[in-house]
1. Residue by residue through region 406-416, which ³J(HN,Hα) values in whole Hz follow from phi under the Karplus form 6.51 cos²θ - 1.76 cosθ + 1.60 (θ = phi - 60°), with glycine and proline marked x?
2. Return V111, V244 ranked ascending by Cβ neighbour count within 10 Å, so the fewest neighbours appear first.
3. Show the residues, 5+ positions off or on another chain, whose built amide H is closer than 5 Å to the amide H of V111.
4. Once you list every other residue whose beta carbon is under 11 Å from the beta carbon of V283, what net charge do they have if Lys and Arg are +1 and Asp and Glu are -1?
5. Once the piece of chain linking V338 and Q59 is laid out straight, how much longer is it, given 0.36 nm per residue of separation minus the C-alpha distance between them?
6. Apply the Karplus curve 6.51 cos²θ - 1.76 cosθ + 1.60, θ = phi - 60°, to the phi angles in region 377-391 and return the couplings in whole Hz, x for Gly and Pro.
7. If I take every Cα pair under 8 Å that is 6 or more residues apart in the chain, average their sequence separation and divide by the length, what percent do I get for the relative contact order?
8. As a check on your grasp of the helix formula, calculate [θ] at 222 nm for the chain: sum -39500 (n - 2.57) over DSSP H runs of n ≥ 4, divide by the residue count, round to the nearest 500.
Amino acid sequence: MSTPPSPALPSAQAAALARIEASPAFARAVRHRRLLRHLAERSAAGDIACLKESLIAVQVLGRPADRFDPTVDSIVRVEMRRLRARLARYYERDGRLDAWRLQLLPGSYQVHWLGPASSDERLGPARDLLERGEHFLRGPVTGPNLAQARDRFAAACRAAPEWAAAWTGLGRAWYNTAISWALPPRQAAPEAEQALERALQLDPADALAHTLRAAAHHQFGWDWAQARQGFERALALAPHQAFVHSALGWHLLLRGELAASEAALLQARRADPHYLSSRMHLVNLRLAQGRRDQARAELASVLDIAPGSPPALAMAALIALLDGNADAARPWAEEAQVAAPQEAGYQALAWSVRGLTGPATERAQAREALQALEAQPVSPYVLALAWARWHETEPALRLLRRALQGRDPNLLLLDTDPSWAALQDTPAWSSLWTAWRQAAPGLPPSASPAEAFRLQRR
């Protein structure tokens, strides 16, 4: 008896699933046919809540709901491994020419479909372009590297317009362009969101695209409700992926939810101890918690792994500044500028430290340099910090107001960045903070800016 078509599956994918079920590899594997159809239909319907180990054990594999314990009964994990192996044998033989291919990624119960554009013949050039784009993304976050990455990913999208991974790569490149201010966020962020929307149209189960789109909702739209939904969807799709936990941890930190941030970042470290972004986020978390010694220890591990990392070098300078030791900060800041000479943010840091440590003539040079940087695509928030280090409140607040008007994503650091401690009780700060809350109503409410800062450090 044939299996009735599923209303959730598009006709081409339903036909592909029926061919798999009727193949010699699956014809006598009743349990695996039932399991595969359940996963495919629930994935197509977007019912991610049903794709959990305990529910699969009860609903598909017949385990009793009141006695199933996944810590002692590994039936779901065992059968998933066997199902993946059976599926691989099918595609090696009977399904080697299938136009639509079904994927079950390790660590996930979500079904992914690769369409006709994913065949080796058509995907070859696009895959090569994607890999080249990833190479530039793995390098230092600089304007030239990001431009090269965007170019390669855009070419991959043109070569395989129905391949979701190419659009996700393009969205990630534009997202990094926006948050790094390689181009103004108002210009780069819409490009990121458009590419990520296209990726999710093609593959609603792309956890990376969900994560990036959630981050964009928070950092560019200041919309935490949508961002939270996106992060939750990504976690359901890829519960063991370090990138998802790391991104969630960072955005929880931006909101001042420090305990939840710590849990997510430690989970990211367990998933991938070598992922530098989560380690750098932990440095920022320790600073927000007021645990400067722990921040130094975290940073020492980053510098051991990546001694030439510009963000890590800059962070060493920032910690020295928080310690009140500008002389110790200077070599770190200058080394960061040498490592990324074209990046205005590192230039701003280096000039601000020179103005603190050098003679009057150097302070005058630093002032001119900071003023000149305002004409470049650089975060006003970062420039405001440079002036604040000199206790020059007027230009610092002017630039923060500019950051507010331009929806600078770095402004989300305002509540937890200890660099602003000296300004917390001033009337001008209170006015700015109130405007910030009105512009981004999804931010956590607090009685006052000074109280918000104190609460984050408890």
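1. Rounded to whole hertz, the list is x, 6, 5, x, 5, 5, 5, 7, 4, 6, 10.
2. V111, V244
3. Sorted by chain and number, the residues that satisfy this are S43.
4. Surrounding charge for V283 is +4.
5. So the extension gain works out to 94.5 nm.
6. x, 9, 4, x, 4, 5, 5, 4, 4, 4, 5, 5, 5, 8, 6
7. It comes to 10 percent, rounded to a whole number.
8. Mean residue ellipticity, 222 nm, calculated: -21000 deg cm²/dmol.
Read-outs: derived from the displayed coordinates by stated rules, not from any lab. Note that the coordinates shown come from a computational prediction; the quantities given were computed from them, not determined experimentally. Reconstructed Cβ throughout: ideal geometry from the backbone, glycine too, with neighbour counts over all protein chains shown.
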